[in-house]
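Shown next, in structure tokens, is the structure this report addresses.
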Amino acid sequence: MVIIKRKELSLAERLYLPEIVRGLTVTFSKFFQKPITRQYPEEPLPTNEVTRGQPRLVVKDDGNIACVSCGMCEAACPAYAITIDGGETDRAIEREPKRFDIDMLRCILCGFCEEACPKDAIYMSDELELADYSRAALVYDMEKLKRPASALRKRMDYVNHINDRWRT
Ligand code: SF4
Ligand code: SF4
């Protein structure tokens, strides 16, 4: 049997004095620092291409949606937030969704849909705000999700750039 001999605590240690002094030192040092309160929403959070906001669908320069309703994002979504019904188009080879919904209340902004998409058709936008009066209004349909490619360009370039490491 191994007997572990504990160190005897001093009176100050038994009264937690070192911890109290350390805690008070941190508290008092903060008194003299500039407060960092953000006056939201007047002062919104800064965003950039790294921001992983709500997912949005890309509309190509020819006006067509880039999505071909392959369902990869729907399968990859861990929150089961995406619902797609595919449909045919008059354009050669291409398909496009007849219905593409994302339940924003389920979406956890993980970005798996962006990673899974083989057609560069869905990207995480810098849109972070989400508020409405009913749960149904927060299930975004295709019209609410569509964004011109130019609006998502910075994020598209950023994702392409970080994916370059897998291409070399
Ligand atoms: S960001 Fe994640 S949770 Fe949200 S729709 Fe895409 S895969 Fe689903
Ligand atoms: S993975 Fe891309 S192309 Fe396929 S359904 Fe999702 S958004 Fe559309």
Once phi is turned into θ = phi - 60°, what whole-Hz ³J(HN,Hα) does the Karplus curve with 6.51, -1.76 and 1.60 give for every residue of region 35-45, x standing for Gly and Pro?
x, 10, 5, 9, 7, 7, x, 4, 10, x, 5
Once you measure Cβ to Cβ distances between cysteines in the chain, which Cys have no partner under 4.7 Å?
Cys67, Cys70, Cys77, Cys107, Cys110, Cys117
If the cut-off is a Cα-Cα distance under 29 Å, which lysines reach Lys146, setting aside same-chain residues fewer than 8 apart in sequence?
Lys60, Lys98, Lys119, Lys154
Quick calc: nm separation of the 7 Å Cα→Cβ label points for Ser29 and Tyr158 -> 3.2
Give the angle, between 0 and 90 degrees and rounded to the nearest 10, that separates the Cα long axis of helix 17-31 from the longest principal axis of the Cα atoms of the chain.
50
Given a Förster radius of 35 Å and the C-beta distance between Arg165 and Ala137 as r, what FRET efficiency does 1/(1 + (r/R0)^6) yield to the nearest 0.05?
0.30
Taking 8 Å as the Cα distance limit and 6 or more residues as the minimum spacing, I'd like the relative contact order of region 55-156 as a percentage.
36
Count neighbours as other Cβ atoms within 10 Å of each site's Cβ, and list the GluC sites (Glu not before Pro) in region 78-168 that are DSSP loop with at most 16 such neighbours.
Glu94, Glu127, Glu129
Would you mind ranking Arg155, Arg6 by Cβ crowding within 10 Å, fewest neighbours first?
Arg6, Arg155
Going by the alpha-carbon gyration tensor, a ≥ b ≥ c the square roots of its eigenvalues, is the chain rounded (a/c under 1.5) or, if a/c is not under 1.5, prolate (a/b greater than b/c) versus oblate?
prolate
Expressed in nanometres to one decimal, the distance between label points 7 Å along Cα→Cβ at Ala149 and Glu8 is 7.9
Proxy exposure order for Asp126, Asp141 (fewest C-beta within 10 Å first) is Asp141, Asp126
Farthest toward positive dipole pole in region 60-167 [+1 Lys/Arg, -1 Asp/Glu at C-beta], among His161, Ile84, Ser134:
His161
Find out how many positive minus negative residues lie around Glu143, taking Lys and Arg as positive, Asp and Glu as negative, among other residues whose Cβ is under 13 Å from that of Glu143.
+4
What is the distance in Å between the Cα centroid of region 110-160 and that of region 1-75?
24
On Cα atoms only, tilt of 149-167 relative to the major axis of the chain in degrees
70
Could you work out how much longer the chain between Tyr40 and Leu128 gets when fully extended? Use 0.36 nm per residue separation minus the Cα distance between them, nm to one decimal.
30.4 nm
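No lab work stands behind these numbers, since they all come straight from the coordinates. Being a predicted model, the structure only gives us computed values, none of them experimental. All Cβ positions, glycine included, derive from the backbone under ideal geometry; neighbour counts span all protein chains shown.
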